[in-house]
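Colleague: Below is a structure I'd like to ask you about.
The values are calculated or read from the model by the stated rules, or taken from the named source; none is laboratory data. What you see is a predicted model; the values in this text were computed from it and never measured. All Cβ positions, glycine included, derive from the backbone under ideal geometry; neighbour counts span all protein chains shown. All accessible areas refer to the heavy atoms of the entire protein, side chains included, with ligands and DNA or RNA removed. Shrake-Rupley method; radii C 1.70, N 1.55, O 1.52, S 1.80 Å.
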Amino acid sequence: MLLEDLQVVLKVAEFRSITAAATHLDMRTATASAALKRVEAHLGAELFIRTTRQLRLSSAGEKYIPQCEQAMLMLDQAKQNMKGELDVIDGDLRLSVSSDLGRNVVIPWIDDFMDTHSKVSLRVSISDTNVDFYRDSVDLALRYGSPNDANLYGFKICNVPRLICASQSYLDQHGTPTHPQDLAEHNALLYQLQNLTHDIWEFTQGNDSIKVKVSGNRVANDADLVRRWCVNGKGIAAKSCLDLAHDLLTNKLVTIMSDYQVKSTELWLIFPSRQSITPATRLLRDMLKQQTRDLLQQLIAKGILDKSVLD
């Protein structure tokens, strides 16, 4: 019996669907179905009861699948322990990352990482939509915000302040707002996610909280496009300091209303299970922590951020 066939069986049990398991494993449905049939033939028992509408475990499957899961976990852990002792860094990184952060910040770092660790390969999904580990062919995701699912595992990479920014050319033409309420007179560059337009900008100053509804003539579901509009002088944007770091350090953008803080976030590396955390992904995590810290320190040195962001 092939271990690869057992991995297919466990995914079918997890998703209760041969098609969904095949999609997650990046294979044809017919290939997954054939693997399941081989395992059942070897065992001499059907592991699933199939109907036209659903697939569920048989009594044999209810006994076999949990023990099979434990055996596979032990084998995988033994393999990872061996690689760790031998300093073997390999594997396929199936990564999901948001558009602006991915294209302009993280992918160049991963390119350098892969140059150092030549046995690592990359499959990247760049999208601002949150990944669904049970549907998408992804093993780790780099996302703003901590995991909101108790079944997921994650590592915090860094704190990420948000900033209000514009190009100097826009400010020369339209003036510089000094208070959040002044934004009503300006063109806000808006971000939309899952049909929700983020047009309420929240600020704090000391113990005071201010919410402002902004408006503008440009809305995009791609954060990178919002940044490009901002650099090209089309309006004012509220964005992550990591997304804007290069533009701020090269003076393509300037921060405004620095007396008012925008609600900050955090950057996390998220996994669907402990088994997804390999020696390669641990090294990737450490690299991301160091690179983001270096970038934040550059913004601190230029007076854009306070050093407390590193706490």
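Colleague: For Asp259, what accessible area in Å² do you get when you roll a 1.4 Å probe over the heavy atoms of the protein chains, rounding to the nearest 10?
Modeller: 110 Å²
Colleague: If you take the charge dipole of segment 160-227 about its Cα centre, with +1 on Lys and Arg Cβ and -1 on Asp and Glu Cβ, which of Leu183, Ser209, Ser169 is farthest toward its positive end?
Modeller: Ranked along the dipole, the leading option is Ser209.
Colleague: Taking amide H positions as placed 1.01 Å from N in the peptide plane, with prolines and chain starts having none, which residues 5 or more places from Ile157, or on another chain, fall under 5 Å of its amide H?
Modeller: Leu267, Trp268, Leu269
Colleague: Further question on the same structure: Taking +1 at the Cβ of each Lys and Arg and -1 at the Cβ of each Asp and Glu, which of Leu269, Ala238, Leu248 sits farthest along the dipole of segment 224-311 towards its positive end, judged by Cα position relative to the Cα centre?
Modeller: Comparing the listed Cα positions along the dipole, Leu269 ranks first.
Colleague: A further question follows. Return the lysines within reach of Lys307: Cα separation strictly under 28 angstrom, same-chain partners fewer than 8 residues apart disregarded; answer none if there are no such residues.
Modeller: Lys156, Lys211, Lys239, Lys252, Lys263, Lys289
Colleague: Can you send over the solvent-accessible area of Thr116, 1.4 Å probe, protein chains only, in Å² to the nearest 10?
Modeller: 100 Å²
Colleague: Divide by every residue of the chain the summed helix terms, -39500 (n - 2.57) for each DSSP H run of at least 4, and state the resulting mean residue ellipticity at 222 nm, rounded to the nearest 500 deg cm²/dmol.
Modeller: Estimated from H runs of four or more residues: -12500 deg cm²/dmol.
Colleague: Within the P(r) computed for segment 121-270, what percentage of the Cα pairs occupies the region above 22 Å?
Modeller: 45 percent
Colleague: Apply the Karplus curve 6.51 cos²θ - 1.76 cosθ + 1.60, θ = phi - 60°, to the phi angles in segment 95-101 and return the couplings in whole Hz, x for Gly and Pro.
Modeller: 10, 10, 8, 5, 4, 5, 4
Colleague: Tell me the carbon and sulfur percent of the accessible area for segment 2-150, rounded to whole percent, probe radius 1.4 Å.
Modeller: Numbers: 4240 of 8460 Å².
Here it works out to 50 percent.
Colleague: Roll a 1.4 Å probe over the protein chains and send me the accessible area per residue for the chain in Å².
Modeller: On a per-residue basis, the chain sits at 54 Å².
Colleague: Using a 1.4 angstrom probe with every protein chain in place, what is the largest-first accessible-area order of Ser215, Ser118, Ser240?
Modeller: Sorted descending by solvent-accessible area, the residues read Ser118, Ser215, Ser240.
Colleague: Counting DSSP beta bridges in the chain, what percent are antiparallel, to the nearest 5?
Modeller: Of all bridge pairs located within the chain, approximately 70 percent are antiparallel.
Colleague: Run the 1.4 Å probe and let me know the accessible area of Glu69, rounded to the nearest 10 Å².
Modeller: 80 Å²
Colleague: Shifting gears a bit: Quick one: what are the phi-derived ³J(HN,Hα) couplings along segment 135-146, Karplus 6.51/-1.76/1.60 with θ = phi - 60°, whole Hz, x for glycine and proline?
Modeller: Coupling constants for segment 135-146: 10, 8, 7, 9, 10, 7, 9, 9, 9, 7, x, 6 Hz.
Colleague: Toward the positive end of the charge dipole of the chain, about the Cα centre and with charges on Cβ (Lys, Arg +1; Asp, Glu -1), which of Ser137, Ala34, Trp229 goes farthest?
Modeller: Ala34
Colleague: Further question: Would you mind telling me the antiparallel percentage of the DSSP bridges in segment 51-205, rounded to 5?
Modeller: In segment 51-205, approximately 15 percent of DSSP beta bridges are antiparallel ones.
Colleague: What's the percent breakdown of Cα-Cα distances in the chain across 10 Å bins, shortest bin first?
Modeller: All Cα pairs considered, the percentages come to 5, 22, 27, 20, 14, 9, 3, 0.
Colleague: Explain nothing, just the number: dipole magnitude of the chain about its Cα centre with +1 on each Lys and Arg Cβ and -1 on each Asp and Glu Cβ, in debye rounded to the nearest 20. Don't skip to the answer; put the middle values down first.
Modeller: Details: 35 positive and 38 negative charges, 118 e Å.
Roughly 560 debye, rounded to the nearest 20.
Colleague: Further, regarding this structure: Among all the lysines, which ones have a C-alpha under 19 Å from Lys37's C-alpha, if same-chain residues fewer than 8 places away are not counted?
Modeller: The reachable lysines, counting only those whose Cα sits under 19 Å from Lys37, are Lys11, Lys63.
Colleague: Can you sort Asp76, Asp5 by solvent-accessible area, 1.4 Å probe, largest first?
Modeller: Asp76, Asp5
Colleague: Another question about this same structure. Using modelled backbone amide H atoms (1.01 Å from N, in-plane), which distant-in-sequence or interchain residues come within less than 5 Å of Gly91's amide H?
Modeller: Ser121
Colleague: Pull out the extension gain between His42 and Asn232, defined as 0.36 nm times the separation in residues minus the alpha carbon to alpha carbon distance; nm, one decimal.
Modeller: Full extension of this stretch gives 62.0 nm more.
Colleague: Can you tell me how segment 133-214 classifies by the Cα gyration tensor, rounded, prolate or oblate, using a/c under 1.5 as the rounded cut?
Modeller: The shape class here is prolate.
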